[in-house]
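Undergrad: Please find one structure pasted underneath; my questions will follow.
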Amino acid sequence: MLKALGALGLAGASAAVLPAFGTPDRRQDPASCAAQDLSASDPRLVFSNWPEYIDEEGENGEPSTLQQFEKLTGISVSYVPDVNDNTEFFAKVVNQLGACQSTKRDMFALTDWMAARMIQMGWIQPMDRANVPNLHANLIDSLRGVGWDAERDYSAPWQSGLTGICYNKRLVPEVRTMDELLTRSDLRGRVTLLTEMRDTMGLTLLSDGADPADFAKDDWDTALEKVKKARRAGQIRAFTGNDYVQDLEAGNIAACVAWSGDVIATGNEDLVFVTPEEGLMIWSDNMIIPNLATHQANAEKFVDFYYQPEIAAQLAAYVNYICPVKGAQDAMLEIDPELAESQLIFPTDETLSQTHGFMALSESVMRTYEGEFADVAGS
């Protein structure tokens, strides 16, 4: 499962690849930037996550996974869907983390590259392995041994997912490639791209025949110029974070770069997620506990709870992203046999052979590329 994650450069995203974060004066020692854990006397937890990324109470009153966790543990969870994209969320917490100050959060979920950067900076607390046995027993093999957290001491994948194209079949014919998305006249002004640079530019690099996991500066320049040209031509309505879903459902856009689970979660049969002819991007979002979190043990209970196969299956049945938990596919058979066969939740090797990751970048190159992309996205 997920063998193609090796292409993400996860194993290569080591300290040597992310050396300085551009702010060496803000590096912390997690051991000296830890708060007293109040979990035993204060049964609360504040968790920041992406929107539309957790199940809700069923139509007939069936409890959500979150409600089950709260009832089982007595812990009250403030679940805050305020992660719209990694860079935007980073801006919310960078000053506090860099100064060893509280973010007022006990845990948040960020994508591989951002989680790696924060761990490298010493901004994330290690989890007590004794408190998360399900994580270490049930994490799927392909998500183990990542270079930036080889033993998963600091991170626990929440979900993994695919980045491809979505189009509204009620409004336009099938959109099969990034080139079509960026040039087709019937899509002009009705397209959104993601503000997540690695998703949008990864697919654009693929459309030029370049490998997002191993590309040169000339490849980058060519791909960026393609996006610039589409922007100048009025092809692109906007660059968005997770909020593109609202425009999709409202019919304000006809096609976009999209995340796999978002499309299925809408329940709108007019919205079709497509594997571009050139391939997909793949990623994981990871639960991490920031320095000065005051309810770490409660956060660890949360992580361990969601690594039970039955709970993971219930969550996956709602969010429709790739499930990181062993045994969840068998558990899904009891919930929805059709979803147990879904390629977007439990992809086969054939599906994964079409996926690609974005290569790890040195700090200076990362800042250059992100700046150039932001100039286009914000223009």
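The values are calculated or read from the model by the stated rules, or taken from the named source; none is laboratory data. Since we're looking at a predicted model, the values are computed, not measured. Cβ: placed from backbone, ideal geometry, glycine included. Neighbour counts: every protein chain shown. Side chains are part of the model used for accessible areas, which takes the heavy atoms of the whole protein and leaves out ligands, DNA and RNA. Shrake-Rupley method; radii C 1.70, N 1.55, O 1.52, S 1.80 Å.
Undergrad: Quick check on region 289-302. Is at least one of its residues among the hydroxyl-bearing types (Ser, Thr, Tyr), in contact with a strand residue (DSSP E or B) (Cβ under 9 Å, 6 or more places away or on another chain) and more than 16 Å from Ile140 (Cα to Cα)?
TA: Yes: region 289-302 contains one or more residues that are among the hydroxyl-bearing types (Ser, Thr, Tyr), in contact with a strand residue (DSSP E or B) (Cβ under 9 Å, 6 or more places away or on another chain) and more than 16 Å from Ile140 (Cα to Cα).
Undergrad: Given the criteria more than 30 Å from Asn131 (Cα to Cα) and in contact with a strand residue (DSSP E or B) (Cβ under 9 Å, 6 or more places away or on another chain), does Leu315 qualify?
TA: In short, no.
Undergrad: Taking Thr183, is it closer than 29 Å to Asp82 by Cα, in contact with a helix residue (DSSP H, G or I) (Cβ under 9 Å, 6 or more places away or on another chain) and touching a residue at least 24 places away in the same chain (Cβ under 8 Å)?
TA: It is false that Thr183 is closer than 29 Å to Asp82 by Cα, in contact with a helix residue (DSSP H, G or I) (Cβ under 9 Å, 6 or more places away or on another chain) and touching a residue at least 24 places away in the same chain (Cβ under 8 Å).
For (1) touching a residue at least 24 places away in the same chain (Cβ under 8 Å); (2) over 19 Å from Glu88 (Cα atoms); (3) not hydrophobic (A, V, I, L, M, F, W, C), each residue gets a yes or a no:
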| residue | (1), (2), (3) |
| --- | --- |
| Asn242 | yes, no, yes |
| Asp247 | yes, yes, yes |
| Trp259 | yes, no, no |
| Glu269 | no, yes, yes |
| Leu280 | yes, yes, no |
| Asn286 | yes, no, yes |
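Undergrad: Let me ask something additional. Looking at Thr222, is it among the hydroxyl-bearing types (Ser, Thr, Tyr), at pLDDT 95 or above and surrounded by 14 or more Cβ atoms within 10 Å (Cβ to Cβ)?
TA: When the stated conditions are applied, Thr222 passes them.
Undergrad: Pairs under 8 Å by beta carbon, first residue of a type in the set (Lys, Arg) in region 101-119, partner crowded, with 24+ Cβ neighbours inside 10 Å, six or more apart or different chains?
TA: Every condition considered, the pairs that remain are Arg105/Pro290; Arg105/Ala293.
Undergrad: Over 30 Å from Gly267 (Cα atoms), under 20 Å from the mean Cα position of the chain (by Cα) and of a type outside the set (D, E, K, R), is that true of Trp148?
TA: yes
Undergrad: Got at least one residue in region 289-308 being under 26 Å from Leu352 (Cα atoms), at pLDDT 95 or above and of a type in the set (Gly, Ala, Ser)?
TA: For region 289-308, residues under 26 Å from Leu352 (Cα atoms), at pLDDT 95 or above and of a type in the set (Gly, Ala, Ser): absent.
Undergrad: Next question, about the same structure. Across region 148-167, which residue is most open to solvent (accessible area, probe 1.4 Å) among those that are more than 18 Å from Asp85 (Cα to Cα) and at pLDDT below 95?
TA: Once the filter is applied, the top-ranked residue is Ala150.
Undergrad: With within 25 Å of Glu174 (Cα to Cα) and touching a residue at least 40 places away in the same chain (Cβ under 8 Å) as the only criterion, which of Leu292, Leu315, Leu361, Leu344 stands out?
TA: Leu344
Undergrad: Something else now. Under the condition of being open to solvent by 50 Å² or more (accessible area, probe 1.4 Å) and assigned to a helix (DSSP H, G or I), which residue from region 232-264 is modelled with the highest pLDDT?
TA: Filtering region 232-264 for residues that are open to solvent by 50 Å² or more (accessible area, probe 1.4 Å) and assigned to a helix (DSSP H, G or I), the one modelled with the highest pLDDT comes out as Arg232.
Undergrad: Continuing with this model, one more query. Out of all the residues in region 202-218, which are open to solvent by 20 Å² or more (accessible area, probe 1.4 Å), outside any loop (DSSP other than H, G, I, E, B) and touching a residue at least 24 places away in the same chain (Cβ under 8 Å)?
TA: Ser207
Undergrad: If you don't mind, another one. Among the numbered conditions (1) part of a helix (DSSP H, G or I); (2) in contact with a strand residue (DSSP E or B) (Cβ under 8 Å, 6 or more places away or on another chain); (3) surrounded by fewer than 20 Cβ atoms within 10 Å (Cβ to Cβ), tell me where Glu174 comes up short.
TA: It is condition (1) that Glu174 fails.
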